[in-house]
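Engineer: The structure under discussion is supplied below as structure tokens; questions concerning it will follow.
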Amino acid sequence: MLTLRNPNGLSHAVVALLAGNILFDVLLGLADVRDLAADGTESVDPTRFGPLDLNLAYSMSFTLYVATGIVFIVWFYRLRKNAEVWASDLQTRKPGYAVGGWFIPIANFWIPRAIAVEIWRASRPAPYAADGGRELTLLNCWWTCWIVGTLVNWASGQMYETAGTTGDYHAASQWSLAGFALDIVAAVLAILFVRRLTSMQHAKANGMIPAAQ
């Protein structure tokens, strides 16, 4: 028998972790701004940003990113299981794809979004109604920023690895800064998405419709 599970606690954890990611992105982005502003005209220690040890900051940021991904996927899986209760016929992939879909190369650029759309539809008051004109805007904006940010961050990493001149490092820093900016926007939109979808499921489970905006 399928039963609903409360996603509220997990959503709070995801939001807190995403906020932590934003903080690190801001700090590391400011370090890139410092490097770009210096532009070879002054001596800059690449391992520090004021009192901040950048190597430690990058390590902590990566650890936090991994932790965020794990908790987010657990939250996502729970909402997918709840969607099965309300509209199982709208779910075109098994619940396991809500976890495994994130780890399939290339396909992870669209499988999780497709699952998110199906969860969204099952979680609204009328699962079988046509999508509203802007109903999926928040999801689409978050997903677009996340995909573009991922690609930009990958590109900046490749540029740092092959950089051989000051100009190369300067270009890599520009891409890195753009990546941090996209990550911040994506994290803010992810927070809004997590809160909105959790609210929809909580409202539906408790008969409090419509869900909070």
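Engineer: Which residue pairs have Cβ atoms closer than 9 Å, lie 6 or more positions apart in sequence or on different chains, and pair a first residue in segment 121-142 that is under 12 Å from Lys204 (Cα atoms) with a second residue that is of a type in the set (Phe, Trp, Tyr) and part of a helix (DSSP H, G or I)?
Structural biologist: Listed pairs, sorted by first residue: Ala122/Trp86; Ser123/Trp86; Pro127/Trp86.
Engineer: Now for a different question. Of the residues Thr92, Thr63, Thr41, which single one is at pLDDT 90 or above, outside any helix (DSSP H, G or I) and over 18 Å from Pro7 (Cβ atoms)?
Structural biologist: After ruling out the rest, the residue left standing is Thr92.
Engineer: Still on this structure, please answer the following. Within segment 42-100, which residues are of a type in the set (Phe, Trp, Tyr) and either touching a residue at least 24 places away in the same chain (Cβ under 8 Å) or in contact with a Lys or Arg (Cβ under 6 Å, 6 or more places away or on another chain) (or both)?
Structural biologist: So the first thing to find is which residues in segment 42-100 are of a type in the set (Phe, Trp, Tyr), and the list is 49, 58, 62, 65, 72, 75-77, 86, 97.
Tyr58, Tyr65, Phe72, Trp75, Phe76, Trp86 - these are the residues of segment 42-100 that are of a type in the set (Phe, Trp, Tyr) and either touching a residue at least 24 places away in the same chain (Cβ under 8 Å) or in contact with a Lys or Arg (Cβ under 6 Å, 6 or more places away or on another chain) (or both).
Engineer: For segment 149-165, indicate whether the set of residues that are surrounded by 15 or more Cβ atoms within 10 Å (Cβ to Cβ), in contact with a Lys or Arg (Cβ under 7 Å, 6 or more places away or on another chain) and either of a type outside the set (Gly, Ala, Ser) or under 17 Å from Val185 (Cβ atoms) (or both) is non-empty.
Structural biologist: Scanning segment 149-165 turns up no residue that is surrounded by 15 or more Cβ atoms within 10 Å (Cβ to Cβ), in contact with a Lys or Arg (Cβ under 7 Å, 6 or more places away or on another chain) and either of a type outside the set (Gly, Ala, Ser) or under 17 Å from Val185 (Cβ atoms) (or both).
Engineer: Residue under question is Leu136, and the condition is that it be farther than 24 Å from Ala16 by Cβ, under 20 Å from the mean Cα position of the chain (by Cα) and surrounded by 15 or more Cβ atoms within 10 Å (Cβ to Cβ); does it hold?
Structural biologist: Working: farther than 24 Å from Ala16 by Cβ: yes; under 20 Å from the mean Cα position of the chain (by Cα): yes; surrounded by 15 or more Cβ atoms within 10 Å (Cβ to Cβ): yes.
In short, yes.
Engineer: Mind listing whichever residues of segment 161-206 are acidic (Asp, Glu) and touching a residue at least 60 places away in the same chain (Cβ under 8 Å)?
Structural biologist: Listed by number, the list holds a single entry, Asp183.
Engineer: Let me ask something else. Which condition from (1) in contact with a Lys or Arg (Cβ under 9 Å, 6 or more places away or on another chain); (2) farther than 28 Å from Gly29 by Cβ is the one that Leu138 breaks?
Structural biologist: Among (1) in contact with a Lys or Arg (Cβ under 9 Å, 6 or more places away or on another chain); (2) farther than 28 Å from Gly29 by Cβ, the lone unmet condition for Leu138 is (2).
Engineer: Given the options Ala155, Ala114, Ala203, name the one that is at pLDDT 90 or above and more than 22 Å from the chain's Cα centre (by Cα). Walk me through how you get there before you give the answer.
Structural biologist: Numbers: Ala155 fails: more than 22 Å from the chain's Cα centre (by Cα); Ala114 fails: more than 22 Å from the chain's Cα centre (by Cα).
From the options Ala155, Ala114, Ala203, the qualifying one is Ala203.
The values are calculated or read from the model by the stated rules, or taken from the named source; none is laboratory data. In this text, all values refer to a predicted model and were calculated from it rather than measured experimentally. As a convention, Cβ positions derive from the backbone with ideal geometry for all residues, glycine included, and neighbour counts pool all protein chains shown.
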